[in-house]
Amino acid sequence: MNGILTKEWFKAALVRALRTTAQSALAFIGTASALGEVDWRTVAATAVLSGVLSMLTSLAGLPECK
């Protein structure tokens, strides 16, 4: 737990969370548009939740941070 919550860890976790958020949003938009209607509030909620979960998962450790 020595490298957690350092500047390096926060930067790596934030980049990972932003990528996860974007991937979740794109996947949800693609699926919803195939079904005919995109509910943007649900897209936003799904994307934000995935970003939060990514940050929490990063607490277990990041391979980028020794």
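Values quoted throughout were computed directly from the atomic coordinates according to the rules given, and no laboratory measurement underlies them. Small disclaimer: the values here were computed from a predicted structure and weren't measured. No Cβ is skipped: glycine too gets one built from the backbone with ideal geometry, and neighbour counts run over all protein chains shown.
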(request) Divide by every residue of the chain the summed helix terms, -39500 (n - 2.57) for each DSSP H run of at least 4, and state the resulting mean residue ellipticity at 222 nm, rounded to the nearest 500 deg cm²/dmol. (result) -25500 deg cm²/dmol
(message) With a cut-off of 8 Å between alpha carbons and a minimum separation of six or more residues, what is the relative contact order of the chain in percent?
(response) 51
(request) Report the FRET efficiency, 1/(1 + (r/R0)^6), for D39 and R19, where r is their Cβ-Cβ distance and R0 is 25 Å, rounded to 0.05. (result) 0.60
(request) State the extension gain, in nm to one decimal, for the chain segment bounded by L49 and I4, taking 0.36 nm per residue of separation less the distance between their alpha-carbons. (result) 14.1 nm
(request) Over all directions, average the projected area of the Cα convex hull of the chain and note it in nm². (result) 4.4
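If packing is taken as the mean number of other Cβ atoms within 10 Å per residue, what is the order of 46-54, 26-34, highest first? Provide the component values of the computation, followed by the final result.
Values: 46-54: 16.6, 26-34: 12.9.
Packing order, densest peptide first, comes out as 46-54, 26-34.
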